[in-house]
Amino acid sequence: MGSTEIKNFGIIGYPIVHSFSPKMYMAAFKDAGLDYYSYIAFPIQPGRLMLAVEGMKGLKFRGFNVTIPHKTAIIPYLDAVDADAMIIGAVNTVVNDGGMLTGYNTDVTGFLAALFENGFVADGCNAVILGAGGAARAVLWGLCKRRANSVTIGARNYERAKKLADDFLIYGNVQGTDWTSEDFRDSMRRTDILINTTPLGMFPSTDDMPPVDLKLLPDGALVHDLVYNPIQTKLLKAAADLGHPTLPGLPMLLLQGKEAYRLFTGTLPNLDVMRKIVMDEEK
């Protein structure tokens with residue numbers, strides 16, 4: 001028996017046409033019998049963000065997800081921001097409680113949950129992050145929360161990598177470097193996990209991969225690519241060919257979605273239903 005109380009949800013970003021979120025959440029709502037729930041993608045240009053947030057509030061949307069390029073820019077328009085999102089400096093989920101908008105970042109929850117489900121112990125690990133953007137910030141905070149022994153951020157732009165590292169120095173042993181430097185190569189040689197947070201290898205540019213030498217990695221080092229389309233990226237295939245365990249981005253996508261769904265509804269979704277929708281979209 002479906003609910004008869006209409007509740008609206010959505011996602012804002014620009015561009016947004018390729019988002020899996022509408023089909024993923026609608027499938028979960030339907031599976032839970034929430035037939036009167038809706039989830040809509042809204043292409044919102046940067047200059048229209050404030051109007052969009054006010055519109056969501058005015059239309060009494062129960063919640064909405066936030067993606068590029070609004071994850072940081074939206075913070076001043078919210079009434080409250082939870083601790084994780086404040087430290088990361090980015091919001092990807094907003095919940096509307098009677099006109100009060102609270103921002104969350106479920107990427108960090110999804111990242112740590114994906115590692116846990118894969119059997120990787122982040123506590124005390126040595127980690128290397130590729131990229132210094134918004135996704136890197138969430139991953140870095142997750143590793144700091146789990147008290148990683150060391151985290152090296154490697155990026156094409158040294159200044160961005162150093163700035164990100166400096167932002168998190170109070171939380172752990174973090175350094176930023178150019179991914180062509182000898183310091184970066186040394187970090188690769190002793191890391192337990194390599195995490196790609198860049199879009200290199202994402203559809204349609206599936207022949208791309210970060211310009212790093214995977215042969216530097218020690219035996220058994222886990223290679224985790226946050227890209228989920230395609231599920232098996234060129235980076236993951238190259239790592240598997242060298243005998244490394246790999247973790248694609250799909251589990252993190254689903255698990256951060258699970259946490260957002262919980263924030264929206266107070267219940268947990270059927271992950272198998274959400275997974276099937278995403279897998280079908282990639283075919």
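Taken together, the values in this text are just the output of simple stated rules run on the coordinates, not laboratory data. This structure is a prediction, so every number in the text was calculated from the model and none was measured. With ideal geometry, Cβ positions are generated from the backbone for all residues, glycine too; neighbour counts draw on all protein chains shown.
Annotations for the structure displayed:
- For I170, I74, the sequence from fewest to most other C-beta atoms within 10 Å is I170, I74.
- Look at the Cα gyration tensor of the stretch 143-283: its axes a ≥ b ≥ c give a/c of at least 1.5 with a/b at or below b/c, and that counts as oblate.
- Distance from the Cα centroid of the stretch 206-280 to that of the stretch 1-56 is 24 Å (rounded to whole angstrom).
- Charge tally around T177: other residues with Cβ under 13 Å, Lys/Arg +1 each, Asp/Glu -1 each, net -1.
- The chain: C-alpha gyration tensor shape, a/c 1.5 cut-off, then a/b vs b/c: prolate
- Taking Lys and Arg as +1 and Asp and Glu as -1, the other residues whose beta-carbon sits under 11 Å from that of N270 total +2.
- Per-residue Cβ neighbour rank within 10 angstrom, fewest leading, M188, M202: M202, M188
- Under 5 Å from the amide H of Y37 lie the amide H atoms of K7, each residue being 5 or more positions distant or on a separate chain, with H modelled from the backbone and absent for Pro and chain starts.
- With a threshold of 25 Å on the Cα-Cα distance, the over-threshold entries among K7/K145; K237/K276; K215/K237; K71/K162; K237/K258 are K7/K145; K237/K258.
- Taking label points 7 Å from Cα along the Cα-to-Cβ direction, E5 and D272 give a separation of 2.9 nm.
- Along the axis of the charge dipole computed for the stretch 30-85 (Cβ charges of +1 for Lys and Arg, -1 for Asp and Glu, origin at the Cα centre), the listed residues G47, I75, Y37 are led at the positive end by G47.
- Within the shell defined by Cβ-Cβ distances under 15 Å, the residues around A27 carry a net charge of -1, with Lys and Arg each +1 and Asp and Glu each -1.
- Here the Gaussian network model covers the chain, with springs between Cα atoms less than 10 Å apart; of S19, S150, S205, S205 fluctuates the most.
- Estimated vicinal HN-Hα couplings, Hz - the stretch 87-92 in sequence order (Karplus 6.51, -1.76, 1.60; Gly, Pro = x): 5, 5, x, 8, 10, 10
- Across the stretch 197-283, the mean sequence separation of Cα contacts (distance under 8 Å, 6 or more residues apart), normalised by length, yields a relative contact order of 23 percent.
- Per residue, the average separation of C-alpha pairs within less than 8 Å and at least 6 apart gives the stretch 108-248 a relative contact order of 20 percent.
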